[in-house]
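See below for the structure under consideration.
The values are calculated or read from the model by the stated rules, or taken from the named source; none is laboratory data. Computed from a prediction, not measured in an experiment: that's the story for all the values here. Methodologically, a virtual Cβ is constructed for each residue, glycine included, from the backbone with ideal geometry; neighbour enumeration extends over all protein chains shown. Surface areas here come from the heavy atoms of the whole protein model, side chains and all, with no ligands, DNA or RNA. Shrake-Rupley method; radii C 1.70, N 1.55, O 1.52, S 1.80 Å.
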Amino acid sequence: MDLTLILTAATLGLLASLNIFVARDIAYPPFLQNLVWIAVLSLLAIFGPDFSSVNEFILTAVTLAAVGFSTGGWTAYASQRKERRKLEIEPSKDYTRALTALTILAVAIFPFFLWRILAIANFDISQGFFYRLREALTENDGQNMFGIGYYFYFCLIVFLLHYIVSKRIFTIRNVIFFTLPICVSILFVQKGFILFLLCAFVGATLVQRKATSAQAIALASAILGSTFLLIIFARSSDSAAGSEFVVESLKVYSLAGLPALTELTSFGLSGNGEHVFRNLVVWLSRLGFDLTPPPMLQPYVYVPYGTNVYTYLRPYLIDFGLLGVFFFNGLLGFISVYSYLKARGGSAPFIIIHSLLYYPLIMQFFDDQYFQLLTLWIYITVFLIIYFKLFRYRITPHALNK
């Protein structure tokens with residue numbers, strides 16, 4: 001086994017120990033980040049012979065990312081009041097009325113969303129529908145996805161606005177409002193949307209202490225497995241995806257990122273900020289500036305499996321090198337822990353923001369979902385600020401739950 005890989009895993013293990021000692025909570029974002037990367041490196045040590053090698057430069061980047069994320073987290077933790085009580089959100093009548101209106105709007109839009117999906121697939125629902133739809137959605141750098149993808153996020157926010165004021169996990173309302181974004185995800189042929197929803201669900205459950213960590217994760221895993229099987233079944237006639245194909249795909253998507261990043265950076269680091277701030281470049285180009293954003297879908301490399309996912313480190317490393325990896329991870333760690341502490345203190349908007357941030361955290365081994373979704377994060381933050389300024393709530397504290 002490679003000595004550098006062992007040292008990297010040992011460093012992450014030390015950071016995980018420090019983080020759990022500081023926060024004493026497995027939901028603490030830097031601790032979870034350490035666990036994600038320890039798992040990836042451990043599996044890579046086992047299945048490493050199946051992939052191209054990962055060089056010391058990339059493993060150094062992983063180490064600096066973890067140190068930066070933890071350092072940013074410790075900075076936020078030292079500056080904020082810690083809250084260990086179980087807190088419930090009591091909505092005002094205006095909050096409830098506004099949420100009812102948003103719910104009606106989300107349901108009313110669904111037929112138009114369905115019509116748009118069918119139109120993209122040329123209204124052909126014969127065999128191969130989901131395969132053709134997926135191809136149509138991703139062609140021309142994903143132009144067909146522009147706009148309609150936000151409908152999923154709207155449904156997700158509506159669900160979370162309901163869920164955070166619910167005293168129990170299982171209610172008829174919660175099941176109904178959870179089902180809508182699940183349906184949108186399946187029709188959109190987007191497993192990533194399902195992961196986003198489940199990560200947010202687990203995050204809100206943990207931060208509000210509605211269930212133990214094991215219960216929340218077990219429930220989310222059951223829903224995830226069932227939904228993935230449904231998607232695979234829906235697409236099986238197109239891709240002949242059997243169980244062996246699924247396992248192989250999971251292995252590639254989970255572990256090919258670091259070997260692929262090694263291959264990608266072997267050609268040099270040539271970015272100037274356009275990869276990290278791609279969203280900004282896209283909007284400036286639409287406003288008439290002579291700028292060309294990098295493609296949304298990255299080129300394939302072979303490690304030896306063909307893949308175009310390079311972990312979340314790709315934009316930071318390509319644009320700003322190892323120093324950029326440390327700096328941006330420090331910023332992300334600070335934001336993640338700051339929102340975590342605010343959510344623990346009972347801030348409703350931060351409960352939602354913190355819950356949503358679990359998705360890019362868990363997906364770090366796959367792709368960057370922080371700055372690559374910068375526009376989305378801005379939209380959600382502005383919406384939540386306006387919503388909670390207009391529609392009030394109060395916090396009901398309960399007994400300490402240490």
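Surface composition of segment 1-119: carbon and sulfur make up 69 percent of the accessible area, probe 1.4 Å. Accessible area per residue for segment 276-402, computed on protein heavy atoms with a 1.4 Å probe, is 46 Å². Each of 94, 290, 319 has its accessible area taken with a 1.4 Å probe; listed largest first, they run 290, 94, 319.
Based on protein heavy atoms only, segment 1-110 ends up with 48 Å² per residue of surface accessible to a 1.4 Å probe. Subtracting the Cα-Cα distance of residue 78 and residue 6 from their residue separation scaled by 0.36 nm leaves 22.9 nm.
When nucleic acids and ligands are ignored and a 1.4 Å probe is applied, residue 361 ends up with an accessible area of around 10 Å². For the cross-link pairs 191/389; 93/389; 93/191, the ones whose C-alpha atoms lie over 24 Å apart are 191/389; 93/191.
Once the chain from residue 183 to residue 374 is taken as fully extended at 0.36 nm per residue, the excess over their C-alpha distance is 66.3 nm. Counting only protein heavy atoms and a 1.4 Å probe, tell me what percentage of segment 293-375's accessible area is made up of carbon and sulfur. The C+S portion of the solvent-accessible surface of segment 293-375 is 75 percent. For residue 6, the solvent-accessible surface with a 1.4 Å probe is about 80 Å², rounded to the nearest 10. Heavy-atom accessible area for residue 173, with the other protein chains in place and a 1.4 Å probe, reaches approximately 150 Å².
Protein-only accessible surface at a 1.4 angstrom probe places the residues 377, 37, 74, 115 in the order 115, 74, 377, 37, largest first.
Of the listed residues 75, 171, the order by accessible area with a 1.4 Å probe, largest first, is 75, 171.
Under a Cβ-Cβ cut-off of 12 Å, what is the net charge of the residues other than residue 348 that fall near it, where Lys and Arg count +1 and Asp and Glu count -1? Net charge in that neighbourhood comes out at +2.
The calculated FRET efficiency for residue 392 paired with residue 173, based on their beta-carbon distance and R0 = 22 Å, is about 0.60.
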